[in-house]
Structure formats: structure tokens, C-alpha cells
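**Q** My questions all concern the structure below.
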């Protein structure tokens with residue numbers, strides 16, 4: 001038999017929604033203090049490294065390994081950000097990362113939406129097979145493609161170029177899949193009505209389909225941006241020229257294992273590298289988390 | 001009988017469907033299918049990028065079997081895999097369960113817990129490299145236990161692999177926590193009501209209601225975390241470069257070293273093919289399990 005105190009939790013409030021039903025019916029004997037203690041401990045665990053990154057970026061280099069640890073910087077040097085960006089061509093790396101990410105996002109969204117729409121709403125011979133083919137490329141892990149993809153880019157003469165950085169990432173099978181799923185929910189009558197009114201197919205795509213796909217596009221755009229902005233392995237191998245480095249590559253090159261690292265500079269650049277992601281996250285949190293959940297793709 | 005308008009639409013459906021899909025098809029043929037097939041071919045050749053590939057049959061694979069570095073790489077990868085999957089599943093699920101109970105400030109905590117997911121692998125590696133410096137924060141915090149003024153977290157033979165596993169778990173747990181929460185929230189309330197009426201305890205409800213209904217999420221988490229760990233590269237590259245004495249040189253790092261430091265593309269491709277089959281195997285098991293589950297529940 002259930003104990004009486006558990007029935008006392010069985011309040012009408014439980015019926016207001018399905019969220020968290022486990023805990024509504026089987027609530028921990030609400031030990032508030034213990035819960036908050038655990039929560040705060042977790043908070044320290046997950047957030048202190050970020051806090052330390054941010055605060056170190058303002059410290060004097062001599063302060064970085066001071067003992068006892070300076071949790072609050074004794075010196076405050078915003079100048080570190082300027083110095084760091086002058087110590088290596090970081091503005092250039094930042095620009096490269098941004099340029100690559102923006103083009104990759106634009107191209108992925110456009111071509112994924114086109115293909116997704118084509119697969120969902122048109123009928124042509126070989127459609128199922130073509131879609132299955134694209135789906136199956138999702139199973140090929142990037143590590144496996146690394147060598148042969150580099151060889152393709154090498155053969156095309158795209159190493160050390162923006163083309164090499166951008167084009168192999170300019171579309172994702174996951175994007176096509178996501179857009180097809182979104183297009184399947186659109187009613188056919190909408191497009192047919194426009195056709196009867198004499199609209200052209202491209203016009204229908206631009207003026208009717210794309211606006212209706214907005215939520216899915218937001219999710220895909222965020223995920224693609226995140227993937228491109230944080231991408232490390234591909235730019236590391238495809239460019240060797242300093243002026244084409246993206247931010248992650250530039251940071252690792254700056255922090256050579258053999259040379260004494262300027263930790264304050266590295267943390268300043270790390271903070272700047274994280275900033276665009278934080279901004280996107282704060283502005284579009286709902287799409288962001290949704291994207292993470294639907295994709296499971298990271299790094 | 002078809003009207004002209006239906007015929008017109010049908011025609012458009014063929015032509016425009018193909019047109020809309022064509023760019024994507026072309027892209028995947030050139031940048032997925034061709035490289036995949038070419039990867040298999042390259043694994044049967046000797047290739048340094050300078051001269052055209054020379055066909056050598058299965059030589060790369062037989063060499064691989066006797067390659068100490070590769071065997072070491074497999075071992076390192078397996079230990080890393082073990083350390084960055086099972087603890088990650090359990091801890092992220094436990095956190096997700098905590099976040100199901102409503103309490104003041106829940107969204108605040110959840111959002112802040114999520115923040116490590118915003119960092120790129122390179123930034124994670126750099127920040128933790130600083131924290132794990134022999135003179136750094138972790139050494140200072142651990143001093144009462146280690147009694148060692150400067151512990152070599154990233155160059156000791158035993159500690160280094162553990163440090164990397166710890167950092168990977170730190171970065172991955174918040175991500176999987178969100179996935180678990182999404183799965184848990186999707187479990188219909190009626191199942192718990194039924195369990196409550198049957199007088200089950202919390203633990204029984206978790207074992208017999210939550211876990212079975214969470215099966216799609218479990219499969220997803222298991223496969224994604226396994227594949228991610230299997231491919232981990234930035235962490236090892238940035239924090240240790242595979243050291244000390246190859247104790248953190250995973251297969252992914254070996255592929256990179258063979259391909260882009262030694263320029264032995266054939267050998268590197270053979271390792272990639274090995275990885276390919278391991279990952280495909282995991283994915284197929286995943287797909288089969290999902291299928292089996294669909295047939296048994298619906």
C-alpha cells in the first residue's frame with residue numbers, strides 16, 4: 001500500500017499538465033535544503049570553469065598561478081583583450097570563422113529546405129531511393145570521411161582556400177531530413193491553391209513554403225552555426241596558411257605545447273570565441289535547446 | 001479522367017521535384033558517396049599526396065594488425081570510451097530526474113547547468129588545461145587530499161587518461177541531461193497514476209515504468225555518446241597531443257597523425273575503415289533495437 005504522505009502529494013495540481021509526472025506522483029520527500037545544497041554544488045561544478053575563464057582574462061599574467069587561488073582578480077586589465085588580439089592575427093581568425101559560419105548556415109538552410117520540400121511534396125521516379133541515400137550518409141561519421149574528403153579537396157585544388165573551408169560543409173543530411181519532416185506537415189491545398197492562382201513553383205517555395213518553415217529553419221540555422229563556429233578538425237587539416245585559420249585553429253596554434261602560454265590572452269580569446277554562441281543562446285534559447293534535443297549532434 | 005490542370009501539376013511535380021532535389025543530390029554524391037568509396041580504395045593503396053596512389057592490396061591492413069601504435073590506440077580508445085559513456089549516462093540521468101521535481105529556481109539552475117554545452121571542444125580543452133596545470137586550481141583544491149604541491153594531472157601516466165575522461169564527462173553531462181529531460185517529460189502521466197494505484201514505491205516505479213518507457217531515449221543516448229567518444233579528437237589534440245608516451249593517443253588522433261604528420265594516407269585510410277565498421281555496427285544495432293521496440297509496443 002502507498003503510504004499516506006504520498007497521497008498527500010497527490011494534489012489536483014498534478015493534473016494541470018503532463019510535465020514531470022514522475023515527480024508529481026512520486027515526489028522526493030521534499031527535503032528542500034538538501035536539494036538546494038546539491039543544486040548549488042552542481043552549479044559550482046558546471047559553472048566555475050567558465051567563471052574562471054572569464055576572470056582570468058582580466059588578470060595580470062603573474063597572477064594566474066598565484067597561491068592561494070585568486071577567485072576574484074586582484075588586478076583588472078581589460079587591456080588583455082586588446083593585447084591578445086594584437087599578439088596574433090586573432091581579428092582575422094574571428095572574421096574567417098564568422099564568414100565561414102554565415103555562408104555555411106545560409107547554404108545549408110537554403111539547399112536543405114529546397115531538397116526537403118522536393119522530397120516531401122513532389123513525386124518523381126527514384127524519390128524514395130534518393131532520400132534513403134541522403135539519410136544513409138548521416139551514418140558515415142566525419143572521422144571516417146576525414147582522409148578521403150581531404151583527398152577530394154586536394155584534388156580540386158581547394159586546400160588553403162575559403163572554398164575548402166566552406167563547401168564540404170555547405171549542406172547536411174540532417175538538414176535535409178529536418179526540412180523534409182517540416183514540409184510533410186504543410187497541407188497540399190496551400191500549394192495547389194497558389195498553383196491555380198498561377199504562381200510559379202519557385203515563387204511558391206520562396207513566398208509560401210519558406211515562411212511556414214521558419215521554426216525548423218531557426219533550429220537548423222542555430223545548429224549549423226554552432227557546428228561551424230566550433231568546428232576544429234576540418235579547418236585544422238584543410239588550411240595551413242595563417243591568414244585562413246579559423247578561431248579554434250588559431251587558438252591552438254597560439255597555444256603551442258612547447259612555448260610558455262599566455263594564459264590571460266588565451267582566456268580572453270576563449271571568452272570572445274564563446275560570446276557569439278552565448279548571444280545566440282540567450283536570444284533563441286527555445287530553438288537552441290530544441291535543436292540540441294532533435295539532433296543529438298555536437299562538436 | 002484527369003483535367004488539364006491535374007496533368008499540368010503532375011508534370012510540374014516531376015520536373016520541379018527533381019530540380020529542387022538536384023543540388024543536394026550532387027553535393028552528397030561528391031562529398032559523401034565518392035569520398036566513402038574512395039576511402040575504401042585508398043586503404044588498399046600507398047599514397048603520400050605527392051604521387052598518385054599505388055595499389056598494394058591488403059598490405060595496410062596486415063601492417064595494422066602488427067602495428068603497436070594501432071593496438072595501443074585501440075586500447076586507449078576503449079578505456080576512454082568506457083570512462084566517458086557509463087558515468088555520463090548515469091550522472092546525466094540522475095540530474096535529469098532531479099530537474100523533474102518542481103522547485104523554485106528550477107529553470108535558472110537548468111539553464112546554468114547547460115552552459116558547458118555552449119563551449120567549443122577547443123575552449124573546453126584550453127580552460128581545463130589551465131585548471132589542471134600542476135600549479136593550477138585543481139591542484140590547489142586537491143592539496144588536502146593529495147598532499148602534493150603540484151600534481152601532474154596532464155603528464156602523469158595514470159592521472160592523465162583519467163583527467164581527460166573527467167573533462168569529457170564534464171562537458172557532456174549537461175547535454176545528455178537535456179536529452180533525458182526531453183524523454184522523461186514525454187512519458188504519459190497515466191502510467192504513473194496506474195503505478196501509484198498499484199501501490200508501487202518510487203524506486204519500483206522508476207525501474208518498471210520509467211526505464212522501459214524511456215527506451216528510445218536510452219538507445220539514443222547510448223549510441224550518440226558512444227559514437228561521440230569514439231571520435232573524440234580536440235580534447236586529446238589540445239590537452240596532451242596524445243602524451244605522455246601515447247597514453248592518450250586514440251585512434252582518431254592516430255588517423256590524424258598518420259594522414260597529416262607522416263603523410264601515409266593509405267595507412268590512415270585503413271584505420272578509418274576500421275572505425276567505419278565499428279561505428280556502422282553500433283548504428284545498425286541501434287536501428288535494429290529501435291525497430292524491435294516499435295513492433296513490440298504498437
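**Q** Normalise the Cα radius of gyration of the protein assembly as shown by 2.2 N^0.38 Å (N = residues in it) and let me know the number.
**A** 1.05
**Q** Need one word for the stretch A:111-211: rounded, prolate or oblate. Basis is the Cα gyration tensor (sqrt eigenvalues a ≥ b ≥ c); a/c below 1.5 gives rounded, then a/b vs b/c decides.
**A** prolate
**Q** Could you quote the convex hull projected area for the stretch B:63-297, Cα atoms only and averaged over all directions, in nm²?
**A** 16.3 nm²
**Q** Sticking with this one: Identify which of A:142, A:85, A:46 has the largest mean-square fluctuation in a Gaussian network model of chain A, with springs joining Cα atoms closer than 10 Å.
**A** Taking springs between Cα atoms under 10 Å, the residue moving most is A:46.
**Q** Which of rounded, prolate or oblate describes the stretch A:178-227 when judged by the alpha-carbon gyration tensor and an a/c cut-off of 1.5?
**A** prolate
**Q** In cubic angstrom, how much convex hull volume per residue do the alpha carbon atoms of the stretch A:91-155 span?
**A** 124 Å³
**Q** Out of all Cα-Cα pairs in the stretch B:170-298, roughly what percent, to the nearest whole number, are more than 19 Å apart?
**A** Percent of Cα pairs beyond 19 Å in the stretch B:170-298: 65.
**Q** For residue A:66 and residue B:106, what is the calculated FRET efficiency with R₀ set at 30 Å and r taken between the beta-carbons, to the nearest 0.05?
**A** Given R0 = 30 Å and the Cβ-Cβ separation, E is 0.20.
**Q** Hey, can you rank A:244-250, B:9-15, A:59-65 by average C-beta count inside 10 Å, highest first?
**A** Result, highest mean first: A:244-250, A:59-65, B:9-15.
**Q** Let me ask another. Rounded, prolate or oblate: pick one for the stretch B:1-133, where a ≥ b ≥ c are the square roots of the eigenvalues of its C-alpha gyration tensor, a/c under 1.5 means rounded, and failing that, prolate if a/b is larger than b/c, else oblate.
**A** The shape class here is oblate.
**Q** How do B:41-48, A:208-215 rank on mean C-beta neighbours within 10 Å, highest first?
**A** Those peptides, ordered most packed to least, come out B:41-48, A:208-215.
**Q** For chain A, report the translational diffusion coefficient in µm²/s to the nearest whole number, using Stokes-Einstein at 37 °C, 0.692 mPa s, and a Kirkwood Rh over Cα pairs.
**A** Translational diffusion coefficient: 141 µm²/s.
**Q** Rounded to the nearest 0.05, what FRET efficiency do residue B:158 and residue B:135 give with R0 = 22 Å and r taken as the Cβ-Cβ distance? Could you check?
**A** Calculated value: 0.65.
**Q** Computed on alpha carbon atoms, what radius of gyration and Dmax characterise the stretch B:134-176, expressed in Å?
**A** 11.7, 35
**Q** Counting pairs of alpha carbon atoms under 8 Å apart in space and at least six apart in sequence, what relative contact order in percent does the stretch A:86-295 give?
**A** With pairs under 8 Å counted, the relative contact order is 35 percent.
**Q** Averaged over peptide A:275-287, how many Cβ atoms belonging to another chain are found within 10 Å of each residue's Cβ?
**A** Mean shielding by partner chains, rounded to a whole number: 2.
**Q** Assuming R0 = 45 Å, can you tell me the calculated FRET efficiency for the pair residue B:241 and residue A:189, based on Cβ-Cβ distance, to the nearest 0.05?
**A** 0.15
**Q** On to the next question. From the mean inverse distance of alpha carbon pairs (Kirkwood) and the Cα radius of gyration, derive Rg over Rh for the stretch B:122-224.
**A** 1.21
**Q** Next up: Over chain A, with a Gaussian network built from C-alpha contacts below 10 Å, which listed residue (A:180, A:92, A:195) shows the highest mean-square fluctuation?
**A** A:195
**Q** Further question on the same structure: Tell me, what is the Rg over Rh of the stretch A:54-182, with Rh the Kirkwood radius over Cα pairs?
**A** On the Cα set of the stretch A:54-182, Rg over Rh gives 1.21.
FYI, it's all coordinate maths here, none of it is from the lab. Please read these numbers as outputs of a predicted model, since none were measured by experiment. Heads up, the Cβs are rebuilt from the backbone with ideal geometry, glycines too, and the neighbour counts pull from every protein chain shown.
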